[in-house]
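Note sheet for the following structure.
We did not get these values from a lab; they are worked out from the coordinates using the rules stated. Just so it is clear, the structure is predicted and the values come from calculations on it, not from any experiment. Every residue, glycine among them, receives a Cβ derived from its backbone with ideal geometry; neighbour counts consider all protein chains shown.
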Amino acid sequence: MTLKRWLPVLAVGLVIGTINPGSRAKDQQSALVAVHPVNEQTAAAYEAWRARHPGYNRPSREKLENMLTPLQYRVTQEDGTERPFRNEYWDNKRDGIYVDIVSGEPLFSSTDKYKSGTGWPSFTRPVHQDAMLTREDRSWFSLRTELRSSLGDSHLGHVFEDGPAPTGLRYCINSASLRFIPKENLEHEGYGEFLTLFNR
């Protein structure tokens, strides 16, 4: 492949922080994040939700193909990446939580969402450390930390060490991996534990 054909690929890599010399060393030093920083309030809500959902059976591949859109399947099951600025939640400013599109497991809260400028939904932390699995990812010419949901094993995105306070982390997530539940629907959809996050 000629350099001219590689240029668009390299440009995307720069945007998502995978070929940034300044951040690459940090990513290599902490390629596997063992403990995710969480907020006590969101962690308590997650634990209460999990207590009501003690078991989960992951759907078969055939069922996943039927329940997900082609983009959702490619991202969550084949470790794909959607286009920046052309996805559902990158600029979503509503109050609510984001759950795994496959399992419904709570993953992120809008209280931890921020505008990163990357074109993907970005968060400073998950709702609970048990909601995230991490894996070393050596694609895109660098060493990154991949994020996967713990119940559904869905590919979510990656975590980088260039985020804002209070954690200094950027959880860069594909919208196609998520379903957003606005705060006014939390009780109706079975996530009433998280309503306390928005009692301001």
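Per-residue Cβ neighbour counts within 10 Å put 181, 101 in the sequence 181, 101, beginning with the fewest. Hey, could you get me the Stokes-Einstein D for region 69-135, Kirkwood radius over alpha-carbon pairs, 37 °C and 0.692 mPa s, rounded to whole µm² s⁻¹? Answer, rounded: 254 µm²/s.
Based on the Kirkwood radius over alpha-carbon pairs, what is the Stokes-Einstein translational diffusion coefficient of region 38-198 at 10 °C with 1.306 mPa s viscosity, in µm²/s? Stokes-Einstein gives a translational diffusion coefficient of 100 µm²/s.
A protection proxy built from the mean count of other Cβ atoms within 10 Å ranks the segments 107-113, 192-198, most packed first, as 107-113, 192-198. Lysine pair count for region 38-198 (Cα-Cα distance under 17 Å; residues 8 or more apart in sequence or on different chains): 4.
Counting charges near residue 195 (Lys, Arg +1; Asp, Glu -1) among other residues having Cβ under 9 Å from its Cβ returns a value of -1. Ranked for footprinting exposure by Cβ neighbours inside 10 Å, fewest first, 132, 67 give 67, 132. Rounded to the nearest whole Hz, the Karplus-based 3J(HN,Hα) values (6.51 cos²θ - 1.76 cosθ + 1.60, θ = phi - 60°) of region 132-137 follow the sequence 10, 10, 10, 8, 5, 10, with x at glycine and proline.
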